[in-house]
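A short reminder: the numbers here are calculations on the coordinates, not readings from a lab. Note that this is a predicted model, so its numbers are computed, not measured. With ideal geometry, Cβ positions are generated from the backbone for all residues, glycine too; neighbour counts draw on all protein chains shown.
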Amino acid sequence: MKPILFTVALLSISTLAFGQSMMQSATKAGGTGSMMSSNAMTADPKVGAELRVAKSTGHKLLYTTIEDAKALAAKGPTVLFFAADWCPYCQADFNDINANGTRLGNITIVVVDYDKERELESTYGVTVQDTFVQISAQGARLTAWNSGGVDGILAHVKSM
């Protein structure tokens, strides 16, 4: 019984630490920039905070408003990633995006807090975490899928 409790405690602490690390990174970064094509960043505080979880992470943004997400979609393919820091599938997708995000080219990933954005989830028919939704410049849902990391994103995103 003790090994199980230890494992559960260790997983809980790891998940909390990862979530706090993501939020601290996002708070420190506070800007946006060129999409996955390079690591050079330019400031644009209207859009959200960039997540820099590891080197060569590519480009991810924290969700701020649907208007900001639509503005990004007007510039290129934009995917809302409904994620929770406690979700192991979401963490696997984050790890893959961090490691292989440069393959995404000009696709922008907007990370939406699954536990807080209930109205947005309802708008796009999201019922579980680890859901990706590509949106148009008008905010319409173009396609949606669950999981898959970088390969899933590349397989599902419709070019514009």
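Computed quantities for the displayed model
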| item | result |
| --- | --- |
| Taking Thr131, Thr78 and counting other C-beta atoms within 10 Å, the order from fewest to most | Thr131, Thr78 |
| Local electrostatic count at Gln134 - Lys and Arg +1, Asp and Glu -1, tallied over other residues with Cβ under 11 Å | +2 |
| Fewest-first sequence of Ser122, Ser147 by Cβ atoms within 10 Å of each Cβ | Ser122, Ser147 |
